[in-house]
Amino acid sequence: MNPIIGILSALAASTAISAAVIRVPEDYSAIQAGIDAAAPGDTVLVGSGVWAGWLNFRGKDITLESSDGPEVTTIDGGESPSAVAIFSGETTDAVLRGFTIIGQGSGTLHEGVTQGAGIYILNSSPTIEDCIVRDCSAMMGGGISIWHGDPVLRNVIVRNNWASIDGGGMRIHHLSSPVLEECEFLDNGADVYGGALAYGNDSDGIHEECIFDGNSAGIRGGGISKTCDCSDARISNSTLCNNFPDHVLGTWDDLGGNTVCAICSNDVTADGVVDVNDVLAIIAAWGGCVCVEDINGDSAVDVDDLLAVLGSYGPCP
């Protein structure tokens, strides 16, 4: 046998032997205790039930997985800032799979803003699969906050989360480039921008076969908010419907195969028709403004917003 092949085979066998499965509650009574005992490459396998949150991966590329799925396995963050925190340089080999994640806390404080009451990601790029994130709230990214990370999310349902500023379901911020595959954003809300999802500060995302339905924002971007050209949302084979007052604030890359339901996003007065009342509302709000009259989300009500209203004059679809 080639000696190099022999060495590689021995290393592979050694790695396979060293990887362990740590069971909760059989081996440890709490999930965090199982994480603390795990080594990179190990799996922490969690039985059904409701488990205490404020979990920290401790920088380990491990798999944290439920044995019976999210319908019967919940991580409850309680009053802690975030139910799950991943912020120590974890890579996509750090996997969170098969949980419902809820939290009554206000999110983790970062740069003066609370974020990610469900999942808080900072300087890390984990893989999150087959999870439900629901009933969480924070100032930004009520359900999930991604700050300077490139995580992969697959088959994640983000439902009924709220942000008092931006990104009810999720906030993508500061040089982040996540990939979202077959994710659903349902019935999330934000007081300002991005009911389902808000972009900020040089971040790019890929959205494949995702659903944005029933989300709302107090100002604009009921589905997705992208308020500067420094970020980009690439969307393919996805569905955007029933978001209020609009599906997307800002430009986005339509990569094809998308279903975008008709909506009357320029009906400022919400009376079912774009008419002189909307024109008058634009004129009355003229100037610097974070308001529904700022149709293009550039923090100013000006001729561009007026032209948008005039361009969609008539009954709403």
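Backbone geometry of segment 134-151 corresponds, through the Karplus equation with coefficients 6.51, -1.76 and 1.60 at θ = phi - 60°, to 3J(HN,Hα) couplings of 9, 6, 10, 8, 7, 5, 9, x, x, x, 9, 10, 10, 10, 6, x, 10, x Hz, x marking Gly and Pro. Computed on segment 126-284, with alpha-carbon pairs under 8 angstrom and 6+ residues apart, the relative contact order is 15 percent. Applying Stokes-Einstein at 10 °C and 1.306 mPa s to the Kirkwood radius of segment 192-317, computed over alpha-carbon pairs, gives a translational diffusion coefficient of 109 µm² s⁻¹.
Calculated from the structure, Rg/Rh (Cα atoms, Kirkwood Rh) equals which of (1) 0.94; (2) 1.00; (3) 1.07? Of the listed options (1) 0.94; (2) 1.00; (3) 1.07, (3) comes from this structure. Label-to-label distance for THR251 and GLU111 is 2.4 nm, based on points extended 7 Å past Cα in the beta-carbon direction. Amide H contacts under 5 Å for ARG23: TYR28, LEU45, restricted to partners 5 or more places along the chain or on a different chain, H placed in the peptide plane at 1.01 Å from N. Expressed as a whole number of Å, what is the distance separating the alpha-carbon centroids of segment 128-143 and segment 173-228? After rounding, the separation between the Cα centres reads 12 Å. Computing FRET efficiency as 1/(1 + (r/R0)^6) for ASP36 and ASP202, where r is the C-beta to C-beta distance and R0 is 51 Å, gives about 0.90. The helix-based estimate of mean residue ellipticity at 222 nm for the chain, built from -39,500 (n - 2.57) per DSSP H run of four or more residues and divided by its residue count, is -4000 deg cm²/dmol to the nearest 500. Under the definition of Cα pairs under 8 Å and six or more residues apart, what whole-number percent is the relative contact order of the chain? The normalised contact order for the chain reaches 8 percent. Inter-label distance, THR259 to LEU280: 3.9 nm, where each label sits 7 Å from its Cα along the C-beta direction. Take the chain and mark each of the chymotrypsin sites (Phe, Trp or Tyr not before Pro) that is in a DSSP loop with at most 16 other Cβ atoms within 10 Å; the longest unmarked stretch, sites excluded, is 1-285. Between SER225 and GLY194, LEU197, ALA198, TYR199, LEU249, the built amide H atoms are under 5 Å apart, and every one of these is 5 or more places off in sequence or on another chain. The angle between the Cα long axis of helix 3-18 and the main principal axis of the chain comes to about 80°, on a 0 to 90 degree scale. Between segment 235-255 and segment 59-80, what is the separation of their alpha carbon centroids in Å? Using only Cα atoms to place each centre, the spacing works out to 30 Å. Out of ALA52, THR114, ILE101, whose Cα points farthest toward the positive end of the dipole of the chain (charges: +1 Lys, Arg; -1 Asp, Glu; placed on Cβ)? Going by the Cα projections, it comes out as ALA52. 3J(HN,Hα) along segment 235-248: 10, 9, 6, 10, 10, 10, 8, 6, 9, 10, x, 7, 7, 9 Hz, from the Karplus curve 6.51 cos²θ - 1.76 cosθ + 1.60 with θ = phi - 60°, whole Hz, x for Gly and Pro. Simple point charges give the picture: +1 on the Cβ of Lys and Arg, -1 on the Cβ of Asp and Glu, and for the chain a dipole about the Cα centre of about 860 debye. Approximating the spin labels as points 7 Å out from Cα along Cα→Cβ, the ASN237-to-ASP68 distance works out to 3.3 nm.
Each value in this text was obtained by applying a stated rule to the coordinates, not by laboratory testing. It should be emphasised that the depicted structure is a prediction, and the values quoted were computed from it without experimental measurement. Cβ sites come from the backbone with ideal geometry, for glycine too, and all protein chains shown count toward neighbours.
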